[in-house]
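Taking it in order: structure first as structure tokens, then the write-up.
The values are calculated or read from the model by the stated rules, or taken from the named source; none is laboratory data. Being a predicted model, the structure only gives us computed values, none of them experimental. Because the Cβ atoms are built from the backbone with ideal geometry, glycine has one as well, and the counts that use them run over all protein chains shown. Accessible surface is based on the protein model in full, side chains and every heavy atom, while ligands, DNA and RNA are left aside. Shrake-Rupley method; radii C 1.70, N 1.55, O 1.52, S 1.80 Å.
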Amino acid sequence: MLVSSLLTSLGINLGLCILFFMLYSILKKQPGNFEVYAPRLLAEGKSKKISHFNLERLLPSPGWVRRAWQPSEEELLSSSGLDTVVFMRIFIFRLWLHFCSVYIVTVWVCYLLYYEYKYISLKRIAYFYSSKPQPHQFTILVHSIPVSAGSSVGDTVENFFTEYYPSTYLSNVVVRRTNRLRGLINDAKKLYKKLDRLQSEPNQPKLKRGCCFGLFGEKVDLVDQYEKKLEGLEENVRLEQSEVSLAGEDVRAAFVSFKSRYDAAIAFHLQQSINPTQWVAEQAPEPHDVYWPFFSSSFMRRWISKLLVIVAFILLTILFLIPVVIVQGLTNLNQLETWLPFLKSILTLTIVSEVITGYLPSLILQLFLKAVPPIMEFFSSIQGYMALSDIEKSACNKVLWFTIWNVFFANVLSGSALYLINIILDPKNIPAKLAVAVPAQASFFIAYVVTSGWTGVSSELFRVIPFICSLIRKPFVKSEDDDIEVPSIPYHKEIPKILFFGLLGITYFFLAPLILPFLLVYLCLGYIIFRNQFLNVYAPKYETAGKFWPIVHNSMIFSLVLMHAIAIGIFTVKKLSIASTLIFPLPVLTLLFNEYCRKRFLPIFIAYSAESLIKRDRQDQNEPSMDEFFHELVTAYQDPALAPIQYSSNRDSLTSPLISSEV
């Protein structure tokens, strides 16, 4: 037994040695001690058998790559024939088609991004020059105001800016807590709608018994009863407005207005206090863009709010993996049969398997994703933003990255034997694993484009969901106003969807080009349908002058870098080392291009230049309407909850609060 084991061991070792010598001889591309290494060279007399041992021949060398690369195609044709040339051209066409397409698409996308960034930047500046004077151009929002004992927020703001900006300061409006007041106003609006409906519809009963849900008691006149309740609510609103105006509910924040745009910009960019957490200034939104319900009173509270939102966002992203895993189980019938073995006989039916693996997963995922935009909007609203537009931009970013992670990465990686945890723990293998996993999910994303893209944009034309919701709500909400409320487009919902489809197009154009016609149909439908919606359905709620474009630019840059990573992985898996090596400069160049765009164009979207502000201020110096504008600017940022209301027919002194809220 021992001898047999030794012989076996020697045989294995001898075989390994022979294999070792053969491999290194191949690397050297030179004949070694065995004629089988290069039989053709030996047959042609170009190499001779060498019997002596040469250690140098056993050392690896890249020289064979150079010698294999040097011969021209004509030399290869003369030595090996046309079939060999055709065979090698196949490799060249796989290689160069994908390689060149990655370069061409990258250059083309970068060119388009540069052109669009430049075009929109010029449009933003032109819009600034052509628009009428706006209150937010002359105003900043200051919060975290330090107030000493015995002093009010209004007096503190007045003293501070009168001292440090004596020639440019115009006025201020202190922000006050009006949550309870808003509740009273909403109650008054609802009661007014009931009264208006009762008076406008002749078939509505005007008399009602006063006890036991109208079954017993003396009959009362509902119109008179509603009028008295409405007068009482208006009186309470008037008293509450007066109490709020006494500075007892001040938030340590104020809108501070200046006499020119340039002066407001200087105050915005300068640090106002030695302590950077006090007198924090930011650009004021448009008056109708202010988000009044939430005003953080301190720097620490805003910071804690952002931290809590980040934690909640991460938890939601992790929990959303549960429906993703369920959806991917539907796309993989083998996994589904493992989870639910009693369905094996049903799943073998062709129709059932096609429906389950084709359309059902993307449809289920789409239903889950419907709840994401409202949740992200809620997260952004408690994050401390003072403008509706800032809330929507923040929600847009959250929805976009949530969609990229949970719809693209989670589906791709979980669809490939749930590689998610392994990839997180081993990030160096991400390109190679993406190269295997991404193409496998092409059919799923094609179905996703059809169910989410085509169906979604088509339903937008008919507004099916709002129509169904109104039909369901109308019988139960009798106090709804019959007047049509003009909606505004939810940018935080639509922009991430378009950008995600752009990511699919960029990453799949050389993996599964079949997805491109489906994306083209979606983009064409979306273009014409949304043009119609903007012209005939939607009304803008605010104006950011193109501030959503940097989100689009960053998303496209990320899509390009992701495509480069997948291309490197694919060329590596297919043993095309030259192609994968030549792709490496692309992500670096793309990121450098992004950095250039960030330096060149992004500042235009953050704040206007001194050149633009001074030029515009000089244009307005000779305008006779500027005096009236400055007069209105003093009260432009007054909280709407402090404005007088009049719903009842009693037109006495209730039309104004007891104490004026103007500062």
TODO: Calculate, axis by axis, the spread of Cα positions in the range 138-191 along the three principal axes, and write the results as whole Å, longest axis first.
DONE: 48, 30, 15
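In square nanometres, what is one fourth of the surface area of the convex hull spanned by the alpha carbons of the range 225-269? Intermediate values should be presented prior to the final figure.
Working: hull surface 21.4 nm².
The directionally averaged projection comes out at 5.4 nm².
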TODO: Compute, for Glu235, the solvent-accessible surface of its heavy atoms (probe 1.4 Å) with the complete set of protein chains present, and express it in square angstrom to the nearest 10.
DONE: 60
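Any idea what the dipole of the range 578-635 comes to, in debye rounded to 20, about its Cα centre with Lys/Arg Cβ at +1 and Asp/Glu Cβ at -1? Let's see the in-between values first.
On the way: 6 positive and 8 negative charges, 125 e Å.
That gives a dipole near 600 debye.
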Open item on the list: Can you list residues from other chains, or at least 5 along the same chain, whose modelled amide H is less than 5 Å from the amide H of Leu170?
Closed with: Ser257, Phe258, Lys259
Task: Charge dipole (debye, nearest 20) of the range 531-604; +1 at Cβ of Lys and Arg, -1 at Cβ of Asp and Glu - done: 40
Open item on the list: At 1.4 Å probe size, what's the solvent-accessible area of Phe268? Round to the nearest 10 Å².
Closed with: 50
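Structure shown: which of Lys259/Lys615; Lys193/Lys398; Lys118/Lys259; Lys190/Lys497; Lys190/Lys541; Lys189/Lys547 lie over 26 Å apart, alpha-carbon to alpha-carbon?
Values: Lys259/Lys615 15 Å; Lys193/Lys398 37 Å; Lys118/Lys259 31 Å; Lys190/Lys497 36 Å; Lys190/Lys541 23 Å; Lys189/Lys547 35 Å.
The answer is Lys193/Lys398; Lys118/Lys259; Lys190/Lys497; Lys189/Lys547.
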Open item on the list: Can you work out the Karplus-derived ³J(HN,Hα) for every residue in the range 609-618? Use 6.51 cos²θ - 1.76 cosθ + 1.60 with θ = phi - 60°, whole Hz, and x for glycine or proline.
Closed with: 6, 4, 4, 5, 5, 5, 4, 5, 4, 5
Open item on the list: Skipping prolines and chain starts, which residues have an amide H placed within reach, meaning under 5 Å, of the one on Val175, given they are 5 or more residues away or on another chain?
Closed with: Val251, Ala253, Ala254, Phe255
